[in-house]
Amino acid sequence: MPRPSPRRIARTIAAAVALTIAGSTLAGCASASSADTVQFHLSKPEAIPYFRELIQQYNASQSDVNVVLDTSSNLQAGFLRGNPPDLGLLNYNMEMARFMERGALSDLSDMPESERILPEVQDLVDQYATYPGRTSVLPYSVMAASVIYNQEIFDEQGLEVPETWDELIAVCDQLTAAGITPFYGTFRDPWTVAQGWFDYTVGGEVDVAGFYDEMNELGTEVGPQSPVSFEKTFAQPVDRMQQLITDYANPDAASRTYGDGNLAFAEGEAAMYMQGPWALGEIAKTSPDLALGTFPLPMTDDADDLEVRVNIDLAAWIPEASDNQEGARAFLSYLFEQDVMDEYNAAQLGYGTTVDAAPVTDPRILGMKDYYDEAAFYQGASKAIPLTIPTENYTQSIALGDDPAGVLRTLDADWARLALRQ
Amino acid sequence: MTTVIAAPPPPTRDTVPPPSPSGKRRVEPIYYAFLLPSLVIFTLAITVPAIIGIFFSFTNSIGFGDWDFIGLVNYAALFSDPAILQSYLFTFSFAVTTVIVVNVLAFLLAVGLTARIRAKTALRTVFVIPMVVSGIIIAYVFSFLFSNSVPALGQALGIDWLSESILANPDLAWIGIVIVTAWQSIPGTLLIYIAGLLSIPGDVYEAADLDGASKRQQLWRITLPLVSGYVVINVILGLKNFLNAYDIIIGLTNGGPGTATRSIPMTIITGFTGGDYAYQMANAAMFFIIVVVISVIQLRISRGRNSV
């Protein structure tokens, strides 16, 4: 047998590589959506069964569009390859805003559905980023979050829902005197600190959207000398957050997780809980009949300052790169039919995003309705910081006793550094 | 890989095929065919993405969309980023500590398990079990133990420092990670040491006995020098694994409390999830260079050992 020359080996390898690449490209084509298929991306676990059923009904009701549910593919990779889903319905946050900001999402302002969205809810989308001349993202469901409280404990102690900081402290003191833990903390899970303790205290006092407008403008100049900064603007609310934790949270909060917290709160181990409506379903698994209510955390001396934290739990968008925008728009219109939206929001304890949405009725979230209706809400301060900065971990270290000023200074420095390189 | 192959005692003379008269050995093409699939996959899945990643580390890309070349800005920013520097400090201290803990304990266990003891096979099986459980599951189980069982024990016994979860203490959380990582890594290291100990011929010890060497002298003068090749492999493999620590940390502390236990791979991953792609590619490139340097140094040392 002749010895193969190095060149022949090289050629064989090259051919094999070429073949592999060709093969993978073909596979890519096969999985891409064809003309009448709409790839529908939805990843919120609790919502999947509801939409799976909805899609079956929709596919059976007409023959133009065939909707396929996609619950798991990687969005970033999809956009990167130019093969994103045709329609997305998911949580809207900083990460999604990036796609919009760079023009990857198509304009939906000519659709009648965009006219029905509440303007103050549409504003929430713009707080993250905008693309000139486009309405690319339509909010579908909003989650309002504030302090969850145990009504039985409040009634037994003869307590009213506090509306100012002093009233809050008085409530906590009275609970402590009665041997009841005022707040249940679950600091083992950093996100619970950021979502509840940090966002509620900051949002109760600071104009979050205005603050980040200024921070984005300042960029690299954020620091000890700048007119606004985390260290300067957040100093009082974050100090108060630490005060609430030190004085009124369960002593073992540092080692408790979100799951521990839901169980403990369901069993009446504390009077108040800094969590969102998603925790209500978990609590109900243990104590289905427990009477719970919600109220915005009072951080000032004026009851008019009260606001609730909101996030856009689901929002719809259609990528520019979709090859079936027409089909996607048809299904989007179906999703935005009012009774479809109302049924979803009622089931998931969400607030409607349209002018004609049905009012919420669940007593557990009714406490936030007036604030929501008056647009007295803010998006979480921790959610406006790019994920590459470990905000949740920073807030956790404050909860565990680190000096707030030092941690906020680190946050300022990270912000300025990120602005420098992006 | 070469160290793994080089480590067992070299084959005896007569098993090596004699060189062909012409001085050149003919290579069967089938060997290339064997290599080809892994070569192609390695190139496509590792080498090409690595080169693309290094390319992007000189840009301000966030993973998609428009980008510009920004030269060495990302690299300069790395060196002034306390979070990155802290993750390097943590990762290297953690890796070195864990390598020492794992190797000392695994070696002692291996000596015990190769001695003439009862139920040797059963005991070996027991000690190897942790190896087959996935890291993230081990982490969640230990997380529960550290947060609930151990503090409960501490409270019952009235021991103060045990009454609180060490994972919630920024100064002690790393110890929890070392313990769990060691628990999972000892079996693999142990198996290599057992193989090494079994390869030492018994007559060496008989001769030592006749010369009046004590057990301790035998350990230091005979056993350790004869398994030194295995020590080198275990240290290299261990260091490589522990520098890449990820799943156990995610399950135990998620980088917390605060940022006390964020490892380098955890910060690199945020480049994808947090839209800081180019910057973390620069971090990955730097990490790669450091690991290469360490590996080369270790290889040098191990070559020196084997040729003795």
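Computed quantities for the displayed model
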quantity	calculated
Matching residues, the stretch B:80-91, being assigned to a helix (DSSP H, G or I) and either in contact with a strand residue (DSSP E or B) (Cβ under 6 Å, 6 or more places away or on another chain) or crowded, with 17+ Cβ neighbours inside 10 Å (or both)	B:A83, B:I84, B:S87, B:Y88, B:F90, B:T91
Filter result for the condition that a residue is in contact with a helix residue (DSSP H, G or I) (Cβ under 6 Å, 6 or more places away or on another chain) and among the β-branched types (V, I, T), over B:I179, B:I192, B:I159, B:I129	B:I192
Enumeration of residues in the stretch A:383-402 that are hydrophobic (A, V, I, L, M, F, W, C) and either more than 7 Å from chain B (Cβ to nearest Cβ) or free of Cβ contacts under 8 Å to residues at least 40 places away in the same chain (or both)	A:A384, A:I385, A:I389, A:I398, A:A399
Residue check, A:A375 away from chain B (no Cβ under 11 Å) and either among the hydrophobic types (A, V, I, L, M, F, W, C) or over 25 Å from A:D207 (Cβ atoms) (or both)	yes
Residue among A:S287, A:S322, A:S255 that is over 30 Å from A:A104 (Cβ atoms) and crowded, with 20+ Cβ neighbours inside 10 Å	A:S255
Filter result (within 17 Å of the chain's Cα centre (by Cα) and assigned to a loop (DSSP other than H, G, I, E, B)) within the stretch A:108-144	A:A129, A:V137
Per-region count, the stretch A:188-207, residues within 14 Å of another protein chain (Cβ to nearest Cβ) and of a type in the set (G, A, S)	1
Answer from B:A95, B:A77, B:A110 - the residue that is within 14 Å of chain A (Cβ to nearest Cβ), hydrophobic (A, V, I, L, M, F, W, C) and in a helix (DSSP H, G or I)	B:A77
Pair list, Cβ under 6 Å, 6 or more apart: the stretch A:152-163 residue in the same structural domain as A:P298 (by TED's automatic domain parsing), other residue part of a loop (DSSP other than H, G, I, E, B) and surrounded by fewer than 17 Cβ atoms within 10 Å (Cβ to Cβ)	A:E152/A:A291; A:Q157/A:A178
The one condition in (1) touching a Leu at 6+ places or on another chain (Cβ under 6 Å); (2) surrounded by fewer than 23 Cβ atoms within 10 Å (Cβ to Cβ) that A:L349 fails to fulfil	(1)
Subset tally (residues that are over 26 Å from the mean Cα position of the chain (by Cα) and surrounded by 19 or more Cβ atoms within 10 Å (Cβ to Cβ)) for the stretch A:227-247	0
Qualifying residue in the stretch A:330-346 (condition: of a type in the set (S, T, N, Q), closer than 20 Å to A:E46 by Cα and part of a helix (DSSP H, G or I))	yes
Which numbered condition B:R26 misses (of (1) modelled with pLDDT of 90 or more; (2) within 12 Å of another protein chain (Cβ to nearest Cβ))	(1)
Enumeration of residues in the stretch B:250-273 that are more than 9 Å from every other protein chain (Cβ to nearest Cβ) and either small (G, A, S) or part of a loop (DSSP other than H, G, I, E, B) (or both)	B:G251, B:T261, B:S263
Residue list for the stretch A:76-94, restricted to those being in contact with a helix residue (DSSP H, G or I) (Cβ under 8 Å, 6 or more places away or on another chain) and either among the hydrophobic types (A, V, I, L, M, F, W, C) or at pLDDT below 85 (or both)	A:Q76, A:F79, A:R81, A:L87, A:L89, A:L90, A:M94
Residues located in the stretch A:358-382, provided they are touching a residue at least 40 places away in the same chain (Cβ under 8 Å), crowded, with 18+ Cβ neighbours inside 10 Å and not polar (S, T, N, Q)	A:R364, A:I365, A:G367, A:M368, A:Y371, A:Y372, A:F377, A:Y378, A:G380, A:A381
Single match in B:D247, B:D276, B:D209 (criterion: within 14 Å of chain A (Cβ to nearest Cβ) and of a type in the set (D, E, K, R))	B:D276
Which numbered condition A:G327 fails, given (1) in the same structural domain as A:E167 (by TED's automatic domain parsing); (2) surrounded by 22 or more Cβ atoms within 10 Å (Cβ to Cβ)	(1)
Residues of the stretch B:118-172 that turn out to be touching a Phe, Trp or Tyr at 6+ places or on another chain (Cβ under 9 Å), part of a helix (DSSP H, G or I) and within 23 Å of A:D402 (Cα to Cα), as a count	3
A:V360, sole failed condition from (1) of a type outside the set (D, E); (2) over 30 Å from B:L252 (Cβ atoms); (3) assigned to a helix (DSSP H, G or I)	(3)
Filtered residues of the stretch B:54-74 (kept if within 10 Å of chain A (Cβ to nearest Cβ) and part of a helix (DSSP H, G or I))	B:V73, B:N74
Residue in the stretch A:208-226 that is in contact (Cβ under 8 Å) with a residue 12 or more places away in the chain, of a type in the set (S, T, N, Q), within 14 Å of chain B (Cβ to nearest Cβ) and surrounded by fewer than 22 Cβ atoms within 10 Å (Cβ to Cβ) present	yes
Filter pass, B:F242 being part of a helix (DSSP H, G or I), in contact with a Ser or Thr (Cβ under 6 Å, 6 or more places away or on another chain), more than 14 Å from every other protein chain (Cβ to nearest Cβ) and surrounded by 13 or more Cβ atoms within 10 Å (Cβ to Cβ)	yes
Those helices (runs of 4 or more DSSP H) lying entirely in the stretch A:217-301 with at least 2 residues closer than 21 Å to A:K369 by Cβ and in contact with a helix residue (DSSP H, G or I) (Cβ under 9 Å, 6 or more places away or on another chain)	A:278-286
Residue, nearest to the other protein chains (Cβ to nearest Cβ), within the stretch A:91-117, restricted to residues that are touching an Asp or Glu at 6+ places or on another chain (Cβ under 9 Å) and among the hydrophobic types (A, V, I, L, M, F, W, C)	A:A104
Considering residues of the stretch A:403-422 that are of a type in the set (G, A, S) and under 15 Å from A:V228 (Cα atoms) only, the residue farthest from the other protein chains (Cβ to nearest Cβ)	A:A405
Leading residue by the ranking (nearest to the other protein chains (Cβ to nearest Cβ)) among those in the stretch B:115-133 that are surrounded by 10 or more Cβ atoms within 10 Å (Cβ to Cβ) and touching a residue at least 40 places away in the same chain (Cβ under 8 Å)	B:V133
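The values are calculated or read from the model by the stated rules, or taken from the named source; none is laboratory data. This is a predicted model, so every value here is computed, not measured. All Cβ positions, even for glycine, are placed from backbone atoms using ideal geometry, and neighbour counts span all protein chains on display.
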